[in-house]
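Shown next, in structure tokens, is the structure this report addresses.
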Amino acid sequence: SEEASRLVSQGIWLSTVVGGSLMGAMLIWCDKILLTMGANAEIFPFARRFMMIRALAAPAELWLLVAKGASYGHQNTRAPLIAIAAGSLVHLVLDSLFIMGFHWDLTGAAIAVVVSQYVASLSLLYM
């Protein structure tokens with residue numbers, strides 16, 4: 001219905017604003033967040049690099065939640081399954097390529113997560 005479409009549209013805009021804000025907060029306060037979580041000197045540089053890249057996926061994660069909710073509301077459980085499976089497959093392929101093929105290690109793993117989140121969320125929003 002028209003009302004449902006309007007609500008989904010509002011959810012997408014709201015998730016974009018909140019996701020962008022979360023991303024910004026994670027980028028700005030990354031060090032403080034990691035120290036609060038107990039990251040020691042040994043793992044801190046690795047955790048920081050991962051989190052700085054991973055933060056870029058915050059909007060996509062929230063888009064995926066909105067799109068899944070909209071799909072479930074329309075009693076469509078197939079589309080989220082396909083989108084999440086596609087994102088997982090992309091993640092698997094990119095992890096293998098970036099980590100073992102390009103030897104990007106932790107950076108490659110983080111980039112694979114970000115790309116796969118956008119693939120899953122954008123494909124579900126398109127469906």
Residue match in the range 31-53 (condition: surrounded by fewer than 14 Cβ atoms within 10 Å (Cβ to Cβ) and over 23 Å from residue 105 (Cα atoms)): yes
The range 83-127: number of residues that are open to solvent by less than 70 Å² (accessible area, probe 1.4 Å) and either of a type in the set (A, V, I, L, M) or over 29 Å from residue 11 (Cα atoms) (or both): 25
Residue 41, sole failed condition from (1) in contact with a helix residue (DSSP H, G or I) (Cβ under 8 Å, 6 or more places away or on another chain); (2) not in a helix (DSSP H, G or I): (1)
Number of the condition not met by residue 61 [criteria: (1) more than 30 Å from residue 4 (Cα to Cα); (2) surrounded by 13 or more Cβ atoms within 10 Å (Cβ to Cβ); (3) among the charged types (D, E, K, R)]: (1)
Breaking point among (1) of a type in the set (Phe, Trp, Tyr); (2) touching a residue at least 24 places away in the same chain (Cβ under 8 Å); (3) within 21 Å of residue 118 (Cβ to Cβ), for residue 46: (3)
Hey, residue 79 outside any helix (DSSP H, G or I) and surrounded by 15 or more Cβ atoms within 10 Å (Cβ to Cβ) or not: no
Qualifying residues in the range 1-19 (those that are assigned to a helix (DSSP H, G or I) and over 21 Å from residue 118 (Cα atoms)) - the one least open to solvent (accessible area, probe 1.4 Å): 4
Flag if residue 22 is closer than 20 Å to residue 116 by Cα, in contact with a helix residue (DSSP H, G or I) (Cβ under 7 Å, 6 or more places away or on another chain) and surrounded by fewer than 18 Cβ atoms within 10 Å (Cβ to Cβ): yes
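The values are calculated or read from the model by the stated rules, or taken from the named source; none is laboratory data. No experiment lies behind these values; they were computed from the predicted model shown. Using ideal geometry, Cβ is built from the backbone for each residue, glycine included, and neighbour counts are taken over all protein chains shown. Please note that ligands, DNA and RNA were not included when accessible areas were found on the heavy atoms of the full protein model with its side chains. Shrake-Rupley method; radii C 1.70, N 1.55, O 1.52, S 1.80 Å.
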